[in-house]
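Have a look at the structure below, then the notes.
The values are calculated or read from the model by the stated rules, or taken from the named source; none is laboratory data. Not measured: the values here are computed from a predicted model. Heads up, the Cβs are rebuilt from the backbone with ideal geometry, glycines too, and the neighbour counts pull from every protein chain shown.
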Amino acid sequence: MVYCKSIAHKTNIMVFPKNKANDISVKLNEITITKVEHCRYLGIFLDEIFTWSHHIDTVYSKLMKYVGIFYKIRNKLPLSVLRNIYFAFVYD
C-alpha cells in the first residue's frame, strides 16, 4: 500500500455542480482526498462552475512574462526559431 499512499497526496476531487458538493468527503486508505475549486487536467484548468477565468488568467500571466523578450528578438531570429522558443516556454 505504499504506492497508494504516495499518490494520495497528489489526488484532488471536484464535484459538479458546485451546489451539490457541500458535504462530500472522499477517503483513500484512510487519507482524506482534498476538495479543490479548480484543477489542471490535460493542460487546461477546469473549475467547479465551468468558467475559463482561472485558465485565461494563468495563460495570460505566463504569456506576459515572455512578451517583452519576443518583442526584442522578433527581427533578430527567423520565424521557425521564434516558434520553437514559444512552444518551449509558453505553450505548455
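Odds and ends about this structure:
- Candidates are the residues of the stretch 47-76 that are part of a helix (DSSP H, G or I) and of a type in the set (S, T, Y); the one that is nearest to A88 (Cα to Cα) is Y66.
- Top-ranked residue of the stretch 13-31 - restricted to ones that are surrounded by 13 or more Cβ atoms within 10 Å (Cβ to Cβ) and in a loop (DSSP other than H, G, I, E, B), ranked as modelled with the highest pLDDT: M14
- Matching residues, the stretch 33-90, being surrounded by 12 or more Cβ atoms within 10 Å (Cβ to Cβ) and aromatic (F, W, Y): F45, W52, Y66, F70, Y86, F89
- Taking residues in the stretch 39-68 that are closer than 24 Å to V15 by Cα, and partners anywhere that are basic (K, R), the pairs with Cβ atoms closer than 8 Å and at least 6 places apart or on different chains are L46/R40; E48/K18; I49/K18.
- Output for the stretch 64-92, where each listed residue is closer than 23 Å to L42 by Cβ and charged (D, E, K, R): K65, R83, D92
- Count of the stretch 37-92 residues which are basic (K, R) and within 30 Å of P17 (Cα to Cα): 2
- Residue in the stretch 34-46 that is touching a helix residue (DSSP H, G or I) at 6+ places or on another chain (Cβ under 6 Å), polar (S, T, N, Q) and over 18 Å from V90 (Cβ atoms) present: no
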